[in-house]
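Visitor: Pasting in a structure now, in structure tokens, and then I'll have a few things to ask.
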Amino acid sequence: MGRLLYGGQEMEVEIDDRALAHLQIVITSKLRRGESFLFSWTDALSAGSGRSSIWIDHGIPLYFRYSSGGTAAINRDWISALMLSANTPTGLRFLAEPGFATAPPRSSV
């Protein structure tokens, strides 16, 4: 299980390594273009089963930490689906990989 640390180490979100690799591509692509956006996900039952969102901006520290040393094979269809959601007014929503069950991110804050 990898982690997305946002705003220093104030916000930590647990995300499956494979999902994190795909989110990293989408997030860094948008930030390279100078685009800020909202990123939302459904919280795990242990975190209250609610929904969380963070504003992603190039001026806020962002750190991707993977639990494994390997790299994931990239699913271009998943990247496309995530990028489409990132380009909507509601921002990037965590979507499970098409055809696979992926656990949603969990905030540990």
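Quick note: the coordinates plus some simple rules give every number you see, no bench work behind them. Note that the coordinates shown come from a computational prediction; the quantities given were computed from them, not determined experimentally. Heads up, the Cβs are rebuilt from the backbone with ideal geometry, glycines too, and the neighbour counts pull from every protein chain shown.
Visitor: Across region 76-85, in residue order, what do the Karplus-derived ³J(HN,Hα) couplings come to in whole Hz, using 6.51 cos²θ - 1.76 cosθ + 1.60 with θ = phi - 60° and x for Gly and Pro?
Guide: 3J(HN,Hα) across region 76-85, in whole Hz: 4, 5, 5, 4, 4, 5, 5, 5, 4, 5.
Visitor: Name the residues whose placed amide hydrogens come within less than 5 Å of the amide hydrogen of ASP43, ignoring near sequence neighbours (fewer than 5 apart) on the same chain.
Guide: GLY50, ARG51, SER52
Visitor: Rounded to the nearest 20 Debye, what is the dipole magnitude of the chain about its Cα centre when Lys and Arg each give +1 and Asp and Glu each give -1 at the C-beta?
Guide: Here the size comes out at about 200 debye.
Visitor: In the chain, what percentage of the DSSP-assigned beta bridges are antiparallel, given to the nearest 5?
Guide: Roughly 90 percent of the DSSP beta bridges within the chain come out antiparallel.
Visitor: Next question. Output ³J(HN,Hα) for region 54-60: one whole-Hz value per residue in order, computed from phi by the Karplus curve 6.51 cos²θ - 1.76 cosθ + 1.60 with θ = phi - 60°, and x for Gly and Pro.
Guide: Once rounded to whole Hz, the list reads 10, 8, 9, 9, 4, x, 10.
Visitor: Given 20 °C and 1.002 mPa s, how large is the Stokes-Einstein diffusion coefficient of region 2-107 in µm²/s, with Rh as the Kirkwood radius over Cα pairs?
Guide: Translational D for this selection: 154 µm²/s.
Visitor: With the dipole of the chain worked out from charges on the C-beta (+1 for Lys and Arg, -1 for Asp and Glu) around the Cα centre, which of VAL13, ALA44, LEU23 lies farthest toward the positive end?
Guide: LEU23
Visitor: For region 59-102, state the semi-axes of the equivalent ellipsoid (square roots of 5 times the eigenvalues of the alpha-carbon gyration tensor), sorted largest first and rounded to whole angstrom.
Guide: Square roots of five times the eigenvalues give 20, 18, 9 Å.
Visitor: Next up: Whose amide H sits under 5 Å from the amide H of MET11, counting only residues 5 or more places off or on another chain, with H placed in the peptide plane?
Guide: So MET11 has HN proximity to TYR6.
Visitor: Taking amide hydrogens as modeled 1.01 Å from N in the peptide plane, which residues meet the under 5 Å criterion relative to ASP16, leaving out close sequence neighbours?
Guide: GLY2
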